[in-house]
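Novice: One structure follows; several queries about it will come next.
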Amino acid sequence: MTLLPLGPQTPPSTCEIPRTHGLFGQNVILEALSTSHAVDLWECAQGADESWTYLGYGPFSSFSEFSQHIERLADQLLQPFFAVIPINGKASGWMSFCDIEPQNSALEIGSIWFSNELQRTRASTEAIYLLLNYAFSEGFNRIAWRCNALNTPSRRTAERLGFVYEGTWRKAQIIKGRWRDTSWYSQLFEDWPENKAVILRWLSDDNFDEEGQQLTRLRE
């Protein structure tokens, strides 16, 4: 009898839904998102309408509408949201764990909104690093990253952090009245030791000059 091929055996997953406790880096702090962050986040959102282009929500016309949205995000127990707070700064963005499948040891980092002042900073890179490190340390084996296929900055971020491109789902969603092709990336537990070392080397003080400019790009 010919046996059909199967994947490697694995013990049952022991993963649980991640908690939104504080995560601390050298350049950034992650806290459980709450309406206490709304004022700072609203201030960062002013004049940043373009930052909402690829999200399913925003921009917002009033602080009240914005604050109510923050409250809805904060109440999602199965999609824990974190406020991103640069050291010596204010809440400047948020991110979440989503599509969490403890039984499959898999989740996604997504629903990311970074204000203009947070984008392309040392703090933003470390914020994503903290979530990656937290999830892998909790026993998750697969972390996904998906984005609009037209969202070049998001795709570049995934690649520079070591995510592997898996393909694109054509016309996967309708977002704000437009078709969205979704590009998928992933990072596995066995990828993390090498990727972690590269990210930490990039984040080190030795890689930045006195004005805070990087000496070596992460993708290099």
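Each value in this text was obtained by applying a stated rule to the coordinates, not by laboratory testing. What you see is a predicted model; the values in this text were computed from it and never measured. Using ideal geometry, Cβ is built from the backbone for each residue, glycine included, and neighbour counts are taken over all protein chains shown.
Novice: With labels modelled as points extended 7 Å from the Cα through the Cβ direction, what inter-label distance (nm, one decimal) is found for ILE17 paired with TYR57?
Specialist: Output for this residue pair reads 1.7 nm.
Novice: Kindly provide the trypsin sites (Lys or Arg not before Pro) of the range 82-179 that DSSP labels as loop, not H, G, I, E or B, and whose Cβ sees at most 14 other Cβ atoms within 10 Å.
Specialist: Passing both the DSSP loop test and the Cβ count: ARG120, LYS176.
Novice: In nm, what is the difference between 0.36 nm times the number of residues separating TRP169 and ARG217 and their Cα-Cα distance?
Specialist: Taking TRP169 through ARG217 to full extension adds about 14.3 nm, to one decimal.
Novice: Enumerate by residue number the GluC sites (Glu not before Pro) in the range 1-61 meeting two conditions: DSSP loop (anything except H, G, I, E, B), and at most 15 other Cβ atoms within 10 Å of the site's Cβ.
Specialist: Passing sites in the range 1-61 are GLU16.
Novice: Which net charge results for the neighbourhood of ILE143, defined as the other residues with beta-carbon distances under 14 angstrom from its beta-carbon, given Lys and Arg at +1 and Asp and Glu at -1? Write out the running numbers ahead of the final one.
Specialist: Details: positive: ARG142, ARG146, LYS196; negative: ASP99, GLU101, GLU108, GLU138, GLU166, GLU190, ASP191.
Surrounding charge for ILE143 is -4.
Novice: I've got another one for you. So what is the 222 nm mean residue ellipticity for the chain from helices alone, if each DSSP H run of at least 4 adds -39500 (n - 2.57) and you divide by all residues, rounding to the nearest 500 deg cm²/dmol?
Specialist: -8000 deg cm²/dmol
Novice: Which aspartates and glutamates have a Cα lying under 14 Å from the Cα of LYS171, excluding residues fewer than 8 positions away in the same chain?
Specialist: ASP181
Novice: Using Cα positions and a limit of under 17 Å, work out the aspartates and glutamates in reach of LYS176, with same-chain residues fewer than 8 apart set aside.
Specialist: ASP49, GLU50
Novice: What are the principal axis extents of the Cα atoms in the chain, in Å, biggest first?
Specialist: Its Cα atoms span 67, 45, 32 Å along the three principal axes.
Novice: Another one. Once you list every other residue whose beta carbon is under 13 Å from the beta carbon of CYS44, what net charge do they have if Lys and Arg are +1 and Asp and Glu are -1? All intermediate terms of the calculation are to be shown ahead of the outcome.
Specialist: Details: positive: LYS90; negative: ASP40, GLU43, ASP49, GLU117.
After counting each charged neighbour, the total is -3.
Novice: About the Cα centre of the chain, what is the dipole size in debye to 20, counting +1 per Lys and Arg Cβ and -1 per Asp and Glu Cβ, all else neutral?
Specialist: Value, rounded to 20: 740 debye.
Novice: Here's something else I'd like to know. What length, rounded to one decimal in nm, is gained on full extension from ASN88 through to ARG160, with 0.36 nm per residue of separation minus their alpha-carbon distance?
Specialist: Between ASN88 and ARG160, full extension yields an extra 23.3 nm.
Novice: Let me ask another. Within a Cβ distance under 14 Å of TYR134, other residues only, what is the Lys/Arg minus Asp/Glu net charge?
Specialist: Values: positive: ARG19, LYS196; negative: GLU16, GLU31, GLU108, GLU126, GLU138.
Taking every other residue near TYR134 into account, the sum is -3.
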